[in-house]
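Below you'll find the structure I mean.
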Amino acid sequence: MRQKERRPGQKSAAGPSGGRRPDDRGQRPTKPAAKPAPAREKVREPASVPTAIDRPLMVRTGERPAERVPVILESLGAGDFHLIDSGNGEKLEQYGPYRIVRPEGQALWQPSLPKQAWEKVDAAFTGDTDEEGTGRWRFPKEALGETWPLNLLGVDFLGRFTSFRHVGVFPEQIAHWTWMKQQVEAAKRPLKVLNLFGYTGVASLVAAAAGAEVTHVDASKKAIGWARENQAMSGLEKAPIRWICEDAMKFILREERRGNTYDIILTDPPSFGRGPNGEVWHLFAHLPLMLDICREILSPKAVGLVLTAYSIRASFYSIHELMRETMRGAGGVVESGELVIREAGLDGNTPGRALSTSLFSRWYPNEP
């Protein structure tokens, strides 16, 4: 299957460590939008992947953490979002006041709701979403503006119709964000959160609103700009958030050299991408080193390390075993599996089928 990255910004800005994950588990393209709004770039993998980082992996000793597999983290929606229905390679979603249809390769079944429910939509993504094509939005009722307000987990932000079917938030991450919010609120000290590949900043804003000190890293200037828009909209201008526009591997290497540490690290790397200065990122080549560095910059009282991966060429067991090897001697537990979104019907409260969206692995210091 094609490996595509979603990325707000132009090709030269689709950071390997600032780049976004591929859409639909390997099918999230990113390419410059027709409008100046952030879009995600779509790039082809090179025949060979150069290794530009001269930092050997640490030799880890000790027992591997306990494990919990498989774990399915499920969301029925939150705030202004829920999945209404899915099928025939598409998904019907509610984002605030808008009902939206978008492609969804994982929806192999037939829709549950009648055809009329799928026709009464405010926006539908159509057009060429293949290798070098851009798509377009169709607005059956009336022309809509490029952006509109949304709220998830108490945070306000902007939805946006991009030319690569994305709307500025990946709601399957609600499961991770809810966990993070709970950890921050329960802590008896301000937690430091690092959000790598931070995209439009929703996770960073959720963490900051809960009381965390946040460092948000993304290689795209457009993504950082969108995130700052969201910060202003959410009324969190004075929240302790550092917005860093940089290649994430370079950033975490520098943090390691400086001895800076974080209590929670969220990392959601793309399958393939390039940084602002041409840095090459390839998930399978560089993920072990990225996780290795992340372990080194976890604080002594770290709360968790979370990895999400959208490349379906890997089983969740692949990243599960990698996480356990990385965290040798650290104790705790590693749980891995899939993120899914449960259909919620037109009313948002009628559970239906579960739509698989991505793989994940996360380490906790203590077994729950």
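The values are calculated or read from the model by the stated rules, or taken from the named source; none is laboratory data. Remember, predicted model here, so these are calculated numbers, not experimental data. Quick reminder, even Gly has a Cβ in these numbers, built from the backbone with ideal geometry, and neighbours come from all protein chains shown. Protein only, heavy atoms only, side chains kept; ligands, DNA and RNA dropped before computing areas. Shrake-Rupley method; radii C 1.70, N 1.55, O 1.52, S 1.80 Å.
Based on the alpha-carbon gyration tensor of segment 74-210 and its eigenvalue square roots a ≥ b ≥ c, which shape applies: rounded if a/c is under 1.5, prolate if not and a/b is larger than b/c, or oblate?
Values: a/c = 2.07, a/b = 1.85, b/c = 1.12.
Since a/c reaches 1.5 and a/b is larger than b/c, the shape of segment 74-210 is classed as prolate.
Can I ask one more? Which links in 120/181; 181/238; 221/301; 192/238; 91/192 stretch past 24 Å when you go from one Cα to the other?
Working: 120/181 35 Å; 181/238 19 Å; 221/301 32 Å; 192/238 16 Å; 91/192 36 Å.
Result: 120/181; 221/301; 91/192 exceed 24 Å.
Using amide H atoms built in the peptide plane, which far-off residues or other-chain residues are under 5 Å from residue 159 H to H?
Answer set, sorted by chain and number: 148, 150.
How big is the C-alpha Rg of segment 265-304 next to the rule-of-thumb value 2.2 N^0.38 Å, as a ratio? Please list the in-between numbers first.
Details: Rg = 12.0 Å, N = 40, 2.2 N^0.38 = 8.9 Å.
Compactness ratio reported: 1.34.
Which net charge results for the neighbourhood of residue 81, defined as the other residues with beta-carbon distances under 11 angstrom from its beta-carbon, given Lys and Arg at +1 and Asp and Glu at -1? Working shown, then result.
Details: positive: none; negative: 80, 93, 172.
Summing Lys/Arg as +1 and Asp/Glu as -1 gives -3.
Got a sec to turn the phi values of segment 78-83 into Karplus ³J(HN,Hα) couplings, 6.51 cos²θ - 1.76 cosθ + 1.60 with θ = phi - 60°, whole Hz, x for Gly and Pro?
Once θ is set to phi - 60°, the couplings for segment 78-83 become 6, x, 8, 10, 7, 7 Hz.
Taking 1 over the mean of 1/r across every pair of different Cα atoms in segment 222-368, what Kirkwood radius in Å do you get? Write down the numbers at each step before the final one.
Numbers: mean 1/r = 0.0575 Å⁻¹.
Mean inverse Cα-Cα distance, inverted, gives 17.4 Å.
Considering only segment 171-251, what is the antiparallel percent among its DSSP beta bridges, to the nearest 5?
0 percent
Per residue of segment 272-281, in order, report the coupling 6.51 cos²θ - 1.76 cosθ + 1.60 (Karplus, θ = phi - 60°) as ³J(HN,Hα) in whole Hz, putting x for Gly and Pro.
Running phi through 6.51 cos²θ - 1.76 cosθ + 1.60 with θ = phi - 60° gives 8, x, 10, x, x, 10, x, 4, 9, 10 Hz.
Could you state the per residue volume, in Å³, of the convex hull enclosing the Cα atoms of segment 59-144? Before the final figure, lay out the partial values.
Details: hull volume 17.0 nm³, N = 86.
Convex hull volume per residue, Cα atoms: 198 Å³.
Okay, moving on. Using 7 Å Cα-to-Cβ label points, what is the residue 55/residue 151 separation (nm, one decimal)?
4.0 nm
How large is ³J(HN,Hα), in whole Hz, for each residue of segment 284-300 in order, when computed from phi with the Karplus curve 6.51 cos²θ - 1.76 cosθ + 1.60 and θ = phi - 60°, using x for Gly and Pro?
Per residue, the Karplus-derived 3J(HN,Hα) values read 6, 7, 10, 4, x, 5, 4, 5, 4, 5, 4, 4, 5, 9, 6, 6, x Hz.
Starting from the residue with the highest accessible area, list 294, 245 in decreasing order, probe 1.4 Å. Provide the component values of the computation, followed by the final result.
Working: 294 0, 245 60 Å².
Largest accessible area first, the list is 245, 294.
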